[in-house]
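Worksheet: one structure, shown below.
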Amino acid sequence: MSVTVRAAVNGEERALTGHPMARLLDVLRESLELTGTKEGCGEGECGACTVLFDGEPVLSCLVPLFQCDERQIETVEGLAEAPRARAFLDRFVAAGGVQCGACTPGIIVTAWALLEREARPDVEAVRDALAGNLCRCTGYEGILRALAVDAGADETEEAAR
Amino acid sequence: MSAAAFSPRSLDAAVAALAADPGLLPIAGCTDLMVADPLRRLAMERVLDLTRIPELAGIREVEGAVEIGAATTFRALGDSPLVRDLFPALAEAARVVGGWQIQNRATLGGNVANASPAGDSLPVLLALDAALVLAGPAGTRALPYGEFHLGYRKTALAPGELVARVRLPRPAPGTVQAFRKVGTREAQSISKVVVALAARVEGGAIAEIHLAAGSVAPVPVRLRAAEAAAAGRSLGAETAERVAAAAAGEIKPIDDVRSSADYRRFVLGRVVRRMLLDIGAAGAAGGAA
Amino acid sequence: MRTDTPTSEVRSGPGPIGTSPPRPDGLAKVTGAAVFADDLVLPGLWFGATLRSPHAHARIAALRFDPARAPEGTVAVTARDLPGPNGVQLIDDEWPVLADGVVRHVGEAVALVAAPTRIAARQALAAFTVEYEPLPAVLTMAEAAAAEAPPLATVEIAYGDVEAALAAADVVVEGTYRTGHQEHIYIECQAMTAWEEDGVLVAAGSMQCPYYVHKSLVHAFGLPANRVRVRATAVGGGFGGKEDYPSLIALHAALLARAAGRPVRLAYDRHEDIVATTKRHPAEVRHRTGLRRDGTLTAVDVEVLLDGGAYRTLSSVVLSRAALHAGGPYRCPHVRVRGRVLATHTAPNSAFRGFGAPQTQFAMERQMDRAARALGLDPYTIRARNVAGPGDELPTGQVLDESAGGRLCLEEVERRTGFTARWRELERERAFRLGDGSVRFGDGAEGRKPARGVGLSLYFHGAGFTGNGERRMRSPVAARLLADGRIEVLTAMTDMGQGCAAVFPQIAAAAAGVGAEDLVFAEPDTAEVPDSGPTVASRTTMIVGGAIASAVGELRRRVDEWLAARGETPGAFRAAAARYVAAGEPAEVEVRHEPPEGQQFDDERYQGAAYPTFSWGADVAEVEVDPDTFAVHPVRVTAVCEVGRAIHPRLCAGQVEGGTLQAVGWALLEEVKLADGRYLNDRLATYIIPTVRDTPRIDVHLLERPWAGGPFGAKGMGELPMDGGAPAVAQAVENATGLEIDELPITPERLYERDRDGRRVGG
């Protein structure tokens, strides 16, 4: 059996058809070929599949398709196109927030949601926001440097020069 | 049986749908359900969405109590000034249920109905003397939360019934609350032991105390022996030790992949002891409220 | 992160050596555009699934596939369908592609299916019927040792006369140290797609070593090398876990693709990835150490046992590196290391960042701490007394070169953290709380204040392959001038996050004296690039980077000489190079890494230079231990690492940051739990790695003593930080609690049991 829901994906109205309990993650990756959203565990533990659901970060591996009707969904591809995201994305790379890149889209989406609510978060706020996003490469230092005002980014920028 | 996915916009419609098709699976945040193996997940073809029902949303004050809609997310719970003010232990529990993304989806009603012994909010509901408002074909009924969990993942929900609201009585003046989750790590973790406390202190003595724990038995439990050991005692190190020993003595936890029975018993005692010492210290500093 | 080398200004593109331009793959990764293994879109793609053994050890009495019970069109493959030898070609080919007649670990691949969708493939597994006859299983190292089965590998290093030196020592200290499995948890699970294209078998996916995969496909399918093509996609983390396993999954995908006559993808879910793929070897390391009263080492006797799991895979070389690092970064005249890899009926253990060295250096560092306590010394003093430096000899007879920076690291980390004073203060504080040891840690806590502790570790890591690995491989890189005058560089290295995509252009630009716009880097595709070896062993920057520098330098020299011969003055390189190419001059060069003449190693006797050089480090960890729960929170780790030269300091420090956290996770949280050979925690909800909340602030200081053998002085360093975190954290926990730590992970349960049982350190 399948259902069809209407949802705005990255601002574009889409009719999405599939099993009611299909994972939003699979619909994005397979039906819409939006492969920026990653699967890291499929069990709601790693945060790699984070998308914005009516503006709130959620795990797309835990969202069934039929709950997406009339919702606004934003993926990393959508955020990346927002002109005001560019400086943030550049800073994220420059600070060493990216290594292998598999956790990165989920972290970018969660971090973006945080920055929308709090433009200059401190380390504690960043840790709160990102506690559901696992990274295995960076030790989170580069991510904190990119996001938190008190993470010592200035010193390290200097060293990088 | 034909497949169906309903997303009703009223509680009556939800109850009616469930009455018409008792096989419908009520779902909300899906943070536990969607973890299932894909073949099992795709076998769930008849589902009832509870996330768009106004009666299940919101937190409101009623006579002598606060009612929390079952579909209230933990994020909303943790952010609610009313909850933080009146039920700080619940607000605290809400903030340690998974990461931000999980808190945005997981609901209080889901935590209750899912009936996992490790549900972080459940001992708090026990300690705060919560009641559940259940909605079913015969209307609504209230059930003390302590009578809801019948066994491992078994509940007192009658066929066709839904958890509609959680009712928390306004705490009496002088009530202090505490919550502690001991998890497998510092965030995004499943609990090894959860402890919640609500106590009324009068003149340096424990006038009334509710202690509850999770992950130490097939269902969240009140620590009755510990409560009895505490009742009427003056606060202090001696009482703390005594109550802790009673708590550790009355539970029968198990070894599992997250922890050991021995450690759970030990840490439960330690957490209970610490809570009582903290209440005592706050009381001595005149800070208890 | 700071470096002590003055750095010059930032440029766009591959900046000068020692600057940190944005990594070239960064923007694609933050925007979701980077294409990982499971992101490849191919027309007609089917999906595979793997039938796995539920038994640790069993005979397969019968294996049947009933097509009527599977979705229509499903293809199935068993060991009987293999076109050639049933072995994954690594060092040898003893690891079966598919179990044939017997299974030797839970999760071993028994059969494969492919179907049009992922779900259909899963459903098709139910169409197999397998009759297993369970056999006795050996599940732990203790059982393996008791069974006295032949080991998978052995090693012995003998230097001086250990027994005589132990007999003559002022003090002899003994200790046994245990560490457990560690699962890689790269965030991207293993995935591979295979298909046939114009008579060529193609495999594309997530891997560290395209030519390992290539070799295994050539071997198992009996194809000529030019009829197999392997491409690496973006690699979502490796850490050693994508060194050998991708060969197996590529074989599986290729078997299915051939059977189905169309592209087939195998993409593991997390559960399957944890159950089936390789892990870090559990280790048991026994020490007997002789010392003089002043703390000088006189004898080090080590026995190393590793749990190899069911198949040898890379265990022999892991053991080799484990043994070569077992004496730690110390000078000692009499050393003996004996090592064995024991077989158990568990999934094979293989490469994981550090490759055996973290296990043996954890043991050595703990043993140094135990010796220090026995002698009344502090952790700094005993290390400073024994650290090996330039001119000192290691147990293989290797003489350390001028760049040996262990003492520098030790002194620098002490200077930055004030470790020794802090350690002493916390020792006194603990003695005050816990008295002479009669008070338990849990009872001696003051209020709810967590107990603080600090710990120090000193470590080193051999950069590049062990022994004659590089000499045997003589791995080439190629560079050529394109018609437009740009230089194209071709290597088989994959960027799994470590950043060769940024570092190679920096090296090439500096070596050729050109800008970013003058360089092109070929994708790691065996149809295009030469076999420049695997992306492992901290060899990428040092060995391959060095060969790149030579290759592009040679092209530059040719162009310059050509210009000079024509009496032209050098102008813009690109224009000149384009004219050089147009003139039909030789525009391609292949450079093979040649180890220096002096670097000789005797594989049989373990004598000589085991590594071209070593990178060095010293860590100070500060922890808090909760007196109620015994949970350890790592607050800060200061890591001082000597890396030769940091080509890209940001990425270099990033390796230290990430490696340090992997070590801290291994020390405190990560534990594979097995019962009857089955994984109890094959999920990320139960196999616990650090979140950002469990993570210390990691303060990295890079020390640079350029090493003559590496490009612009760089040494390999990607694995180095894995060696230091665990022993530093362990000592910090001892400092805080007084509880003896000789086993990882240091879980609250384990600490509680030690407190209950009175397992305290002296003093």
**Fill in**
Subset of the range A:11-62, residues in contact with a helix residue (DSSP H, G or I) (Cβ under 8 Å, 6 or more places away or on another chain), on the phi > 0 side of the Ramachandran plot and either crowded, with 22+ Cβ neighbours inside 10 Å or within 11 Å of chain C (Cβ to nearest Cβ) (or both), comes to A:G42, A:G44, A:G47
**Asked** In the set C:A61, C:A37, C:A33, which member is at pLDDT 95 or above, among the hydrophobic types (A, V, I, L, M, F, W, C), closer than 30 Å to C:R262 by Cβ and surrounded by fewer than 23 Cβ atoms within 10 Å (Cβ to Cβ)?
**Response** C:A33
**Prompt:** Quick one: is B:D49 closer than 30 Å to A:R6 by Cα and more than 16 Å from the chain's Cα centre (by Cα)?
**Reply:** yes
**Asked** Can you list the strands (runs of 3 or more DSSP E) found entirely within the range C:437-546 that contain at least 3 residues being charged (D, E, K, R), in contact with a Gly (Cβ under 6 Å, 6 or more places away or on another chain) and closer than 29 Å to C:A34 by Cα?
**Response** none
**Prompt:** Wholly within the range C:74-178, which helices (runs of 4 or more DSSP H) include no fewer than the required count, namely at least 3 residues that are within 14 Å of chain B (Cβ to nearest Cβ) and under 30 Å from A:G18 (Cα atoms)?
**Reply:** C:118-124
**Request:** Count, please, the residues in the range C:186-213 that happen to be within 14 Å of chain A (Cβ to nearest Cβ) and assigned to a loop (DSSP other than H, G, I, E, B).
**Result:** 8
**Asked** What about B:S215, is it on the phi > 0 side of the Ramachandran plot and surrounded by 19 or more Cβ atoms within 10 Å (Cβ to Cβ)?
**Response** yes
**Message:** touching an Asp or Glu at 6+ places or on another chain (Cβ under 9 Å), polar (S, T, N, Q) and assigned to a strand (DSSP E or B): which single residue out of C:T638, C:T660 fits that description?
**Reply:** C:T638
**Message:** From the list B:A284, B:A199, exactly one residue is among the aliphatic types (A, V, I, L, M) and in contact with a strand residue (DSSP E or B) (Cβ under 9 Å, 6 or more places away or on another chain). Which is it?
**Reply:** B:A199
**Prompt:** If a residue has to be touching a residue at least 60 places away in the same chain (Cβ under 8 Å) and within 8 Å of another protein chain (Cβ to nearest Cβ) to count, how many in the range C:29-45 make the cut?
**Reply:** 6
**Request:** Within the range B:65-86, work out how many residues are farther than 18 Å from B:V163 by Cβ and out of contact with any Lys or Arg (no Cβ under 6 Å at 6 or more places or on another chain).
**Result:** 8
**Item:** Within the range B:198-289, helices (runs of 4 or more DSSP H) holding 2 or more residues that are modelled with pLDDT of 95 or more, within 13 Å of chain C (Cβ to nearest Cβ) and over 20 Å from the mean Cα position of the chain (by Cα)
**Value:** B:237-250, B:261-284
**Complete:** Pairs returned, first residue in the range A:119-145 that is within 12 Å of chain B (Cβ to nearest Cβ) and in contact (Cβ under 8 Å) with a residue 12 or more places away in the chain, second residue that is part of a loop (DSSP other than H, G, I, E, B) and acidic (D, E), beta-carbon separation under 7 angstrom, 6 or more apart or interchain, are A:A125/A:E118
**Asked** Residues in the range C:664-673: is at least one crowded, with 24+ Cβ neighbours inside 10 Å, over 20 Å from the mean Cα position of the chain (by Cα) and within 11 Å of chain A (Cβ to nearest Cβ)?
**Response** no
**Complete:** Among helices (runs of 4 or more DSSP H) entirely within the range B:63-178, at least 3 residues that are within 21 Å of B:V219 (Cβ to Cβ) occur in B:88-95, B:108-114, B:122-127
**Asked** Quick check: is even one residue across the range C:564-571 closer than 30 Å to C:G467 by Cα and either among the acidic types (D, E) or part of a helix (DSSP H, G or I) (or both)?
**Response** no
**Residues (surrounded by fewer than 24 Cβ atoms within 10 Å (Cβ to Cβ) and either of a type in the set (F, W, Y) or assigned to a loop (DSSP other than H, G, I, E, B) (or both)) located in the range C:284-310** = C:R292, C:R293, C:D294, C:G295, C:T296
**Prompt:** In this structure, does C:E470 turn out to be within 15 Å of C:V591 (Cα to Cα) and in contact with a Lys or Arg (Cβ under 7 Å, 6 or more places away or on another chain)?
**Reply:** no
**Request:** Please work out if C:V559 is in contact with a Phe, Trp or Tyr (Cβ under 9 Å, 6 or more places away or on another chain) and not aromatic (F, W, Y).
**Result:** yes
**Complete:** Taking the range A:84-118 and keeping residues hydrophobic (A, V, I, L, M, F, W, C) and within 12 Å of chain B (Cβ to nearest Cβ) leaves A:I107, A:V109, A:A111, A:A113, A:L114
**Prompt:** Within the range C:64-73, can you find the residues that are part of a loop (DSSP other than H, G, I, E, B) and either surrounded by 13 or more Cβ atoms within 10 Å (Cβ to Cβ) or modelled with pLDDT of 95 or more (or both)?
**Reply:** C:D66, C:A70, C:P71, C:G73
**Asked** How many of the residues in the range A:1-10 are modelled with pLDDT of 95 or more and at the interface with another protein chain (Cβ under 10 Å from one of its Cβ atoms)?
**Response** 1
**Of the criteria (1) more than 10 Å from chain A (Cβ to nearest Cβ); (2) in contact with a Pro (Cβ under 8 Å, 6 or more places away or on another chain); (3) closer than 29 Å to C:A421 by Cβ; (4) not in a loop (DSSP other than H, G, I, E, B), which one C:P627 fails** = (4)
**Fill in**
Listed by first then second residue, the pairs whose first member lies in the range C:453-465 and is closer than 27 Å to C:F601 by Cβ, whose partner is among the polar types (S, T, N, Q), with beta carbons under 6 Å and at least 6 positions apart or on separate chains, are C:Y459/C:Q361; C:H461/C:S615; C:A463/C:S538; C:A463/C:T613; C:A463/C:S615
**Asked** Here are B:V66, B:V62: which of them is away from chain A (no Cβ under 14 Å), touching a residue at least 24 places away in the same chain (Cβ under 8 Å), loosely packed, with under 15 Cβ neighbours inside 10 Å and not hydroxyl-bearing (S, T, Y)?
**Response** B:V62
**Prompt:** Would it be correct to say that C:A99 is of a type in the set (G, A, S), touching a His at 6+ places or on another chain (Cβ under 7 Å) and under 22 Å from C:H345 (Cβ atoms)?
**Reply:** no
**Residues within the range C:255-283 that are within 23 Å of C:R312 (Cβ to Cβ), over 20 Å from the mean Cα position of the chain (by Cα) and in a helix (DSSP H, G or I), tallied** = 2
**Prompt:** Just wondering, is there one or more residues in the range C:214-236 that are within 14 Å of chain A (Cβ to nearest Cβ) and in a strand (DSSP E or B)?
**Reply:** yes
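The values are calculated or read from the model by the stated rules, or taken from the named source; none is laboratory data. The structure displayed is predicted, hence computed values, not measured ones. Quick reminder, even Gly has a Cβ in these numbers, built from the backbone with ideal geometry, and neighbours come from all protein chains shown.
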